[in-house]
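The values are calculated or read from the model by the stated rules, or taken from the named source; none is laboratory data. Predicted model only: the values in this text are computed from it and were never measured. A quick note on method: Cβ atoms are made from the backbone with ideal geometry, for glycine too, and the neighbour counts reach across all protein chains shown. For the accessible areas, the whole protein counts, side chains as well, though only heavy atoms, and no ligand, DNA or RNA atoms are used. Shrake-Rupley method; radii C 1.70, N 1.55, O 1.52, S 1.80 Å.
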Amino acid sequence: MSPVLPQPAAPDPASAPDIAAAYASCRRLVRSSRSVEYSVMQLMPAALRPACWAMYAAAVTTDALVDDEEGSPAERAARLQAWVDALRAELAETGSSVVGPSAGGPSRAGRSHGPGGDDPDRGDPVRRALADTIRTWQLDVETLTPVFTALREDASGRRPQTWREWSLRTQAENTPWAMWCLTLLTRAGVPTTVRQEHLEAMPAFLDGLYLTDTFTDLASDLGRGILTLPEEALAAHGVPEADLLARRWTPPVEALIAGLTERADDWLEQPALQRGVHPGMAVLLRTSTDLFRARVRTARRLGPALLHRTAELSPAVRLRLLAPARVRAVRAWRRAALVQPAEPVVVLPEPRREADPAFLPPVPPRPHPSGECAPDIPAERLPRHVGVIMDGNGRWAAQQGLPRSEGHRVGSDATRDVVHGALELGLSHLTLYAFSTENWRRDASEVARLFRTMHDTLRDSDLRSLDVRLRWAGSPEGLPVDLVDALRQSARDSRHRTGLTLTLCVNYGGRAELVQAAAGLARAAAAGELDPDHIDERLLAAHLPHPHLPEVDLLWRTGGEHRISNFLPWHLSYSELHFTDTLWPEVDRRDLWRAVGTYTQRRRRHGAAPVVEGTRV
Ligand code: IPE
Ligand code: IPE
Ligand code: MG
């Protein structure tokens, strides 16, 4: 049983007027500078909100200390250090919870950057509220060490080179605050268990929140000549830094923004975080996800204007998401009876990541055993997106006198080889049809074995070590839990990879996707967010479950059938079609290369008349 803690309460304004004013100042700061985050904090139990304002205000304040364009990197680092020293000094003081100026006297810089122009003799109210929060809730200030180390990196002005580096810095700056929020809940008596799957999903979710902040605030950052995106992000789309800083909306900048919104969407959707948590926590997490995804959509809609103004959420959207969440949160917390001391947060050890190839730099694709190399096709002539209907496993097995499930197992080796080949070729998107919603009509034992094969393929280190960003399109309904977990975890773990985007369609149905998009549009129209007269192809595509999946340029189906079988109906409307008789288990990467080779010979017209020597015929 945990030690019985004093039941912390919101600061009592009558007995501690200074502290109440300090918390009020934090509240103002958060509400005015981070209104979406503020609304999320209002979904916390009332007794914990002041602590949340203090923590968030401290994060904003310390970030501003290092971000401020005033002064050299060393001066910015010194400002941060002064703030941290003053915090420690305040904490070292004993006695009443009314904290006076810190022992060494708050530094000039520390004070001058305190929000709201408060009386300098009384110190920075944000720091005072944070010190009070730390004491009241018995938090360990050392938890914040990685935050300050990462902020010092920011002060140096060194931009992260890669997404992975960006993410490590993001994690260091944000995870300790998130852990403290959990600790507050636990100390207040909310049963908070942290499961391994939460620990795995949390980094991706925080990356998503932070990335959304980054591009929704892009205009103000650019205004101050600041770029916080990793160099890799710009390089991937060939965006010169100068173009972005000059707010030039060029095609590469447009592609960069599309790529960023796509990443954020992916990272934000972490259903594992909402599983097995207290209903109040589930409301918090679901609402944050919805609000941030709405911010992503707003940014996407702004287009070129995103370089000139912040992507604010419309009041209608906020109300639609927040009003029901408030009701649900109040009910959920009421049930929690915040009076019992609870077990401390159980933080499970981090998985041993250094041993997992998904967390190491990617390895290059293995050459084909024949020694054959990929044809050298210039990037602009490659199809951007190849979709494959991998058919013929069952017939191949029957030909060999084997059970159908053996066909799927050998077929998975072919799949692996094709992925290596796609990387060698330099393809950007490859989407593989692995199980359709119609495939449930098969014998249960074939289906169960097929799922097992998929699970094993996802877990094997070969795929995880490549420069492949994996995604899953389809529904979890009916799938074994371990397969769903493996699909989601593979997507999470590979989220920083930039080579090939590999989308696996598992339990996928194309018409069901269109139905989902139609329902999404209808809901938005009914909520008054969009005018039905403005619905066009772009808007429908934006409401598909994977709005960033590009149109398929080349569809290849093996196994001799000439049909589409409910695969990507929206994206296939202008695809070039390629059918081969080979049964999937007999396929290797050279078949993919041949398919792409035939594509490069095709003339795509998209409805235009053919052109011969400059004239239409
Ligand atoms: C494709 O092979 C794999 C899946 C549909 C799961 P099939 O299993 O359809 O093979 P055939 O068409 O029966 O030969
Ligand atoms: C399509 O193949 C689905 C996959 C390859 C996963 P099927 O073999 O199930 O399609 P039909 O039944 O021939 O249309
Ligand atoms: Mg088939």
Problem set entry | Unmet criterion (only one of (1) touching a Phe, Trp or Tyr at 6+ places or on another chain (Cβ under 9 Å); (2) part of a loop (DSSP other than H, G, I, E, B)) for Thr582 | (1)
Exercise. Residue check: is Ala178 surrounded by fewer than 17 Cβ atoms within 10 Å (Cβ to Cβ) and in the same structural domain as Asp63 (by TED's automatic domain parsing)?
Worked result: yes
Exercise. Taking region 501-521, which residues are buried (at least 16 other Cβ atoms within 10 Å of the Cβ) and in a helix (DSSP H, G or I)?
Worked result: Gly510, Glu513, Ala517, Gly520, Leu521
Problem set entry | Single match in His571, His606, His562, His534 (criterion: open to solvent by 60 Å² or more (accessible area, probe 1.4 Å) and within 16 Å of ligand 2 (Cβ to nearest atom)) | His562
For this session: Could you pull out the residue among Ser461, Ser465, Ser490 that is within 21 Å of Glu200 (Cα to Cα), in contact with a strand residue (DSSP E or B) (Cβ under 7 Å, 6 or more places away or on another chain) and surrounded by fewer than 20 Cβ atoms within 10 Å (Cβ to Cβ)?
Result: Ser465
Exercise. Which of the residues that make up region 223-236 are part of a loop (DSSP other than H, G, I, E, B) and over 19 Å from the mean Cα position of the chain (by Cα)?
Worked result: Arg224, Gly225, Ile226, Leu227
For this session: Can you confirm whether region 421-437 contains a residue that is in contact (Cβ under 8 Å) with a residue 60 or more places away in the chain, part of a helix (DSSP H, G or I), surrounded by fewer than 21 Cβ atoms within 10 Å (Cβ to Cβ) and not charged (D, E, K, R)?
Result: yes
For this session: Output the residues belonging to region 139-152 that are more than 25 Å from the chain's Cα centre (by Cα) and either polar (S, T, N, Q) or surrounded by fewer than 16 Cβ atoms within 10 Å (Cβ to Cβ) (or both).
Result: Asp140, Val141, Glu142
For this session: Might you let me know whether region 413-420 holds any residue that is in a helix (DSSP H, G or I), within 16 Å of ligand 3 (Cβ to nearest atom) and open to solvent by 60 Å² or more (accessible area, probe 1.4 Å)?
Result: no
Exercise. Among the candidates Ala255, Ala242, Ala272, which residue alone is small (Gly, Ala, Ser) and in contact (Cβ under 8 Å) with a residue 24 or more places away in the chain?
Worked result: Ala272
For this session: Of the conditions (1) at pLDDT 90 or above; (2) open to solvent by less than 30 Å² (accessible area, probe 1.4 Å), Ala155 clears all except one; give me its number.
Result: (1)
Exercise. In the set Ala444, Ala398, which member is within 15 Å of ligand 2 (Cβ to nearest atom) and either among the small types (Gly, Ala, Ser) or free of Cβ contacts under 8 Å to residues at least 12 places away in the same chain (or both)?
Worked result: Ala398
Exercise. If you go through region 512-522 one residue at a time, do you hit one that is at pLDDT 95 or above and in contact with a strand residue (DSSP E or B) (Cβ under 6 Å, 6 or more places away or on another chain)?
Worked result: no
Problem set entry | Selection count, region 371-412, where residues are assigned to a strand (DSSP E or B) and either away from ligand 1 (no atom under 16 Å from the Cβ) or surrounded by fewer than 22 Cβ atoms within 10 Å (Cβ to Cβ) (or both) | 2
Exercise. Across region 40-67, what is the number of residues that are within 26 Å of the chain's Cα centre (by Cα), among the small types (Gly, Ala, Ser) and surrounded by fewer than 20 Cβ atoms within 10 Å (Cβ to Cβ)?
Worked result: 1
Exercise. Going by the structure shown, is Leu222 aliphatic (A, V, I, L, M), without any contact (Cβ under 8 Å) to a residue 24 or more places away in the chain and either within 26 Å of Asp63 (Cβ to Cβ) or open to solvent by 50 Å² or more (accessible area, probe 1.4 Å) (or both)?
Worked result: no
Problem set entry | Sole exception among (1) in contact (Cβ under 8 Å) with a residue 40 or more places away in the chain; (2) of a type in the set (S, T, N, Q); (3) closer than 17 Å to Ala59 by Cβ for Thr192, by number | (3)
Exercise. Considering only residues of region 553-607 that are touching a helix residue (DSSP H, G or I) at 6+ places or on another chain (Cβ under 9 Å) and of a type in the set (Val, Ile, Thr), which is farthest from Cys505 (Cα to Cα)?
Worked result: Thr600
Exercise. What number goes with the only condition from (1) among the acidic types (Asp, Glu); (2) in contact (Cβ under 8 Å) with a residue 12 or more places away in the chain; (3) in a helix (DSSP H, G or I) that Asp533 does not pass?
Worked result: (2)
Problem set entry | Selection count where residues are within 16 Å of ligand 2 (Cβ to nearest atom) and open to solvent by 40 Å² or more (accessible area, probe 1.4 Å), scope region 476-487 | 1
Exercise. Arg275 is checked against (1) under 30 Å from Trp472 (Cβ atoms); (2) open to solvent by less than 50 Å² (accessible area, probe 1.4 Å) and fails just one. What number does that condition carry?
Worked result: (2)
Exercise. For region 190-219, what are the residues that are buried (at least 18 other Cβ atoms within 10 Å of the Cβ) and part of a loop (DSSP other than H, G, I, E, B)?
Worked result: Val190, Thr192
Exercise. Among the residues of region 260-269, is there at least one that is over 22 Å from Pro547 (Cα atoms) and outside any helix (DSSP H, G or I)?
Worked result: no
Exercise. Out of region 319-330, which residues are free of Cβ contacts under 8 Å to residues at least 40 places away in the same chain and either within 23 Å of the chain's Cα centre (by Cα) or outside the structural domain of Ser220 (by TED's automatic domain parsing) (or both)?
Worked result: Leu321
Problem set entry | Selected residue [in contact (Cβ under 8 Å) with a residue 60 or more places away in the chain, more than 17 Å from Tyr210 (Cβ to Cβ) and either not assigned by TED's automatic domain parsing to the domain that holds Leu544 or not acidic (Asp, Glu) (or both)] from Ala311, Ala305, Ala282, Ala316 | Ala316
Exercise. For Thr170, are the conditions met, namely being in contact with a Pro (Cβ under 9 Å, 6 or more places away or on another chain), within 21 Å of Val40 (Cα to Cα), open to solvent by 30 Å² or more (accessible area, probe 1.4 Å) and among the hydroxyl-bearing types (Ser, Thr, Tyr)?
Worked result: no
